[in-house]
Amino acid sequence: MGALQCASVVALLVACSIFCSSCASTPLDVSSDARAITINGQRRIILAGSIHYPRSTPQMWPDLIQKSKEGGLNAIETYVFWNAHEAQYRQYDFSGNLDLVRFLRTIQDAGLYAILRIGPYVCAEWNYGGYPIWLHNMQGVQLRTDNSVYKNEMQNFTTMIVNMMKKEELFASQGGPIIIAQIENEYGNVISSYGDAGKQYINWCASMANSLDIGVPWIMCQETDAPAPMLETCNGWYCDQYEPKNSSTPKMWTENWTGWFKGWGGLDPHRTAEDLAYSVARFFQLGGTLQNYYMYHGGTNFGRTAGGPYIATTYDYDAPLDEFGNLNQPKWGHLKELHLQLMSMEKVLTHGDVSSIDYGNDVQVTIYSYNGTASCFFSNANQTTDTTISFQDNQFTVPAWSVSILPDCKTETYNTAKVNSQTTVFVKKANQAEDEPSSLSWSWRPEHVKETVNNGLGSVSANMLIEQKAASNDTSDYLWYMTSLDLAKDDLILGDDLTLRVNTSGHVLHVYLNGKFLGSQWGGDNGKYDFVFEKKVKLNEGKNQLSLLSATVGLKNYGPMFYDVPTGVAGVELIRKLNDELIVKDLSSSKWTYKVGLHGEDHQIQNVESPHSSKWISDSLPTNRMMTWYKTTFQAPLGNDVVVLDLHGMGKGHAWINGRSIGRFWPTYLAVQDGCQETCDYRGPYSDSKCRTNCGGISQRWYHVPRSFLRDDLNTLVLFEEFGGNPSNVKFQTNVVDKVCATVEEGHTLELSCHGNGRAISSVEFASFGDPKGSCQAYSSGSCNSAAALSVLQEKCVGQESCSIEVSDALLGSANCGFGVQRKLAVQARCHH
């Protein structure tokens, strides 16, 4: 595997793939030195990308991994999700999209390496950071510290995963794809909060992991004091300035954030292809050896896996492969070109002598020399000013905030700010399944709230308010808190000017008193999820029934002691102002009865096979009605395009396709009004507050329906609507390529593609070779233009699924541009759909 010699990685990348699949069963010697991860004695550049197996489906894995390989990656990274595999104590699940072995075998079959981040704390915007809730509820446990109860469970799960990998011979030392494993995760960010116990814990983690004898290196990301033999790594937007504390550790970057995650009420984050490429090129310019994109494919938070609180169902992350697995262009293509350049210089980068020239004003040249060859990086970290430098008697212009790569130190073959890859514009297309009506036909049934709020019947009672995680074991988003008050005629709390006050960290609360709905409230504003519900009420003499439905929207997944952040109702008071005196009746220590989940969940009415699934009402369809279940049937959209569910008009709830959850929905939660940018300047440091869009828009309107969830015949959609919505506007659509655009400099190659599925270019709407202006969907000709460009593009591309054209006046005709004008070809084409 590592012994295969690729004479020219640029020419042989696809065939050689930096990995020898025919040698997949050959054991590998994986180690590290100060310059690189070493595989069978060869120092390697590792270009990896994160794909989380539970956020996609087994049917998607081969395509995702193949696209990663075609994009120039030689490794796939994933976390291992403890709470997905052991949701119930000692009951394990490795089926379906939790089939970790199958996922790793798919990586191996593609001829790629794997990086296995066992954790088992993962963060990942995943519910509770990947910890199972039963762990939180164990007596005497303290998580992520020197606590014997926790360490025993962590060691049990970690050992089980390692033994599974060994049994399947998946470590590289056994001939498998796993070249690196990780223990713990970003502990250095929080270790100071744990004092000496934190230091003892991280030492124990290292000792425990090392004792498992996996035959490949262990890493600890964001842990500058990683105990030997653990290797420390960096996470962040940029890691070019990072240097390992141990001089014998290679410079590794386990999380280069390709975008950012999205929350309910949040804006759409974007990180430009130019800036992402700049971060990678700078990292390798300054001695980097392993770089992993987090995420390369983000995917979908199916079920109740989204963390947060308030992490949306989409985990698109603006990654090079979008949520559905499509190429996110131009990001994917721009990075692919960068990877080709880096791999062509692998030998000199990992073995060469390094020297640099500082030109001032944040401009630097780095030269790698080895065996008579040299490769160069020219970087300009200035955020506003382009620069021209003289190097070896030649002049080179380097745009602001960019890196130029010269594999021979003479000719620039790549610059991070010059994007020659196409931009792809997708649209949503109506479902064209045979006999599919224009609107869906719905049936419905109520969630039996009245039975619960009137009778107050539950399964557990206590003279206290129980924290929601402890009461529900996180088997549902919903927990009922119910209590009754018997008030004598002379009780001072009876009368006017009476307020019910509920303190909750819920994250949503619905309040009922004596069978009547009082109101709902939720948090989320400015990142605060705890709130106080207050409402004027009137109590009866005698018995009064108070029922509170608390709902969570993903459990906290990050921060010091994040696992101890409470959820659920924390305090309940009745407050009456009588003359100048406040009379307070604290109900927090009253007898409370608890019911976990909804009646519909108990009866699993989302499953077609459920014996209760037939009790639906076909007439008098209610709309904007709280706590209502809806059901419809549909035929799968024709073809192989990605299927999405448009839930515009619904409020908040959960959706199932043929009994399989596609996640929470909340279309009524609109994004904030401020913080968007009309234009996005790639120059300057990126953060998640830069280059955002969708101000005031629906947080998430469309929800991914994997093709593997669908049947060839009739399919069933079930929605639980918590707030009240109108299913009349709900529809299935396909996500298809509409237009492709590109601006390519002379001397480079234009490549246009409609992304397969038999879809061809139907027309060329614009083509200009010269100095065209504008951007995709807003092009115009400049001061010079070749008259022949449009006809050439039409001849070469129309009717083709893809086309490739060398950008030159020999092919496109003379543009008659003046001296010093950098000629470009701008093209916009439409794809048939």
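The values are calculated or read from the model by the stated rules, or taken from the named source; none is laboratory data. Just so you know, these numbers come straight off a predicted model, no measurement behind them. All Cβ positions, even for glycine, are placed from backbone atoms using ideal geometry, and neighbour counts span all protein chains on display. These area figures cover heavy atoms from the full protein model, side chains too; ligands, DNA and RNA do not enter into them. Shrake-Rupley method; radii C 1.70, N 1.55, O 1.52, S 1.80 Å.
Some values worked out for this structure:
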read-out: Options Ser438, Ser404, Ser375, Ser421: the member that is without any contact (Cβ under 8 Å) to a residue 60 or more places away in the chain, open to solvent by less than 40 Å² (accessible area, probe 1.4 Å) and within 30 Å of Cys754 (Cα to Cα); value: Ser404
read-out: Hey, Arg282 assigned to a helix (DSSP H, G or I) and open to solvent by 10 Å² or more (accessible area, probe 1.4 Å) or not; value: yes
read-out: Residue match in region 673-681 (condition: in contact (Cβ under 8 Å) with a residue 12 or more places away in the chain, out of contact with any Lys or Arg (no Cβ under 8 Å at 6 or more places or on another chain) and either buried (at least 21 other Cβ atoms within 10 Å of the Cβ) or assigned to a strand (DSSP E or B) (or both)); value: no
read-out: Matching residues in region 451-460 - criterion: being out of contact with any helix residue (DSSP H, G or I) (no Cβ under 9 Å at 6 or more places or on another chain) and surrounded by 13 or more Cβ atoms within 10 Å (Cβ to Cβ); value: Val453, Asn454, Asn455, Gly456
read-out: Residue identified as surrounded by fewer than 18 Cβ atoms within 10 Å (Cβ to Cβ), at pLDDT 95 or above and within 18 Å of Pro120 (Cα to Cα) among Met160, Met230; value: Met160
read-out: Among the residues listed as Trp444, Trp480, Trp522, the single one being closer than 30 Å to Leu717 by Cβ, aromatic (Phe, Trp, Tyr) and open to solvent by 50 Å² or more (accessible area, probe 1.4 Å); value: Trp522
read-out: Strands (runs of 3 or more DSSP E) contained in region 718-789 and holding at least 1 residues touching a His at 6+ places or on another chain (Cβ under 7 Å) and small (Gly, Ala, Ser); value: 761-770
read-out: Those residues of region 573-598 which are within 29 Å of Ile133 (Cα to Cα), more than 37 Å from the chain's Cα centre (by Cα) and hydrophobic (A, V, I, L, M, F, W, C), in sequence order; value: Leu587, Trp592
read-out: Conditions (1) crowded, with 17+ Cβ neighbours inside 10 Å; (2) farther than 21 Å from Asp738 by Cα; number of the one not met by Arg830; value: (2)
read-out: Search result, residues across region 550-578 that are hydroxyl-bearing (Ser, Thr, Tyr) and crowded, with 20+ Cβ neighbours inside 10 Å; value: Ser550, Thr552, Tyr563, Thr567
read-out: Failed condition for His270, given (1) farther than 26 Å from Lys418 by Cβ; (2) surrounded by fewer than 22 Cβ atoms within 10 Å (Cβ to Cβ); (3) touching a residue at least 60 places away in the same chain (Cβ under 8 Å); value: (1)
read-out: Leu276, sole failed condition from (1) at pLDDT below 95; (2) touching a helix residue (DSSP H, G or I) at 6+ places or on another chain (Cβ under 8 Å); value: (1)
read-out: Residues being at pLDDT 95 or above, charged (D, E, K, R) and open to solvent by 10 Å² or more (accessible area, probe 1.4 Å) - total across region 705-730; value: 2
read-out: Checklist (1) part of a strand (DSSP E or B); (2) of a type in the set (A, V, I, L, M, F, W, C); (3) over 22 Å from Asp33 (Cβ atoms) applied to Met220, failing item; value: (3)
read-out: Residue within region 745-760 that is open to solvent by less than 10 Å² (accessible area, probe 1.4 Å), farther than 30 Å from Phe634 by Cα and in contact (Cβ under 8 Å) with a residue 12 or more places away in the chain present; value: yes
read-out: Lone unmet requirement of (1) over 25 Å from Lys336 (Cβ atoms); (2) in contact (Cβ under 8 Å) with a residue 40 or more places away in the chain; (3) open to solvent by 50 Å² or more (accessible area, probe 1.4 Å) for Asp771; value: (3)
read-out: Subset of region 352-391 that is polar (S, T, N, Q) and touching a Lys or Arg at 6+ places or on another chain (Cβ under 9 Å) - its residue that is nearest to Val403 (Cα to Cα); value: Ser379
